[in-house]
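Take a look at the structure set out below.
The values are calculated or read from the model by the stated rules, or taken from the named source; none is laboratory data. Bear in mind the structure is a predicted one, so any value in this text is a computation, not a measurement. Cβ coordinates were reconstructed from backbone atoms using ideal geometry, including for glycine residues, and neighbour counts include every protein chain displayed.
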Amino acid sequence: MIPVDTPSVTAEVTRIVQAVLGDFGAEEITPESTFREDLGMESIDVVALAGRLQARYGAGVNLAQFVATLDVDSVRELRVGQLVDHIVLSMSEAGERP
C-alpha cells in the first residue's frame, strides 16, 4: 500500500517534480515552492507531472480536475504543499491508508 501521510507524499511529489524537470529543476523544492514562479514549470511539464502522479497514485489523484476547481490566480500561485494536501485528501477519501 502506498503511504499517504504528508511527509511521504511530499517526498514523493518532490522526487516526481525533480524527475519531470530534470537538469532544469530548482535546487530546492519545498511545500511553499510555486510550480510556475519558483520551479519554472511550463504546460508540458504539468502534463508530464499529471501523468506521473496518476501512475503513482491512481485515477483518484487527477491534477486536471484539481486545477479546474481553482481560479486563475490560484492556478498561477499553486504551491507544492497544496498539491500534496490534495493527494493526501484524495487518497484518504478513497480509503487508502498507510
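Does Pro7 qualify as being under 19 Å from Ser92 (Cβ atoms), touching an Asp or Glu at 6+ places or on another chain (Cβ under 9 Å) and either at pLDDT below 95 or of a type outside the set (Ser, Thr, Tyr) (or both)?
no
Of everything in region 10-35, what is hydrophobic (A, V, I, L, M, F, W, C), surrounded by 12 or more Cβ atoms within 10 Å (Cβ to Cβ) and in contact (Cβ under 8 Å) with a residue 12 or more places away in the chain? Give them in sequence order.
Val13, Ile16, Val17, Ala19, Val20, Leu21, Ala26, Ile29, Phe35
If Asp38 satisfies every condition in (1) within 13 Å of Arg79 (Cα to Cα); (2) among the acidic types (Asp, Glu); (3) surrounded by fewer than 14 Cβ atoms within 10 Å (Cβ to Cβ); (4) at pLDDT below 95 but one, which is the exception?
Exception for Asp38: condition (3).
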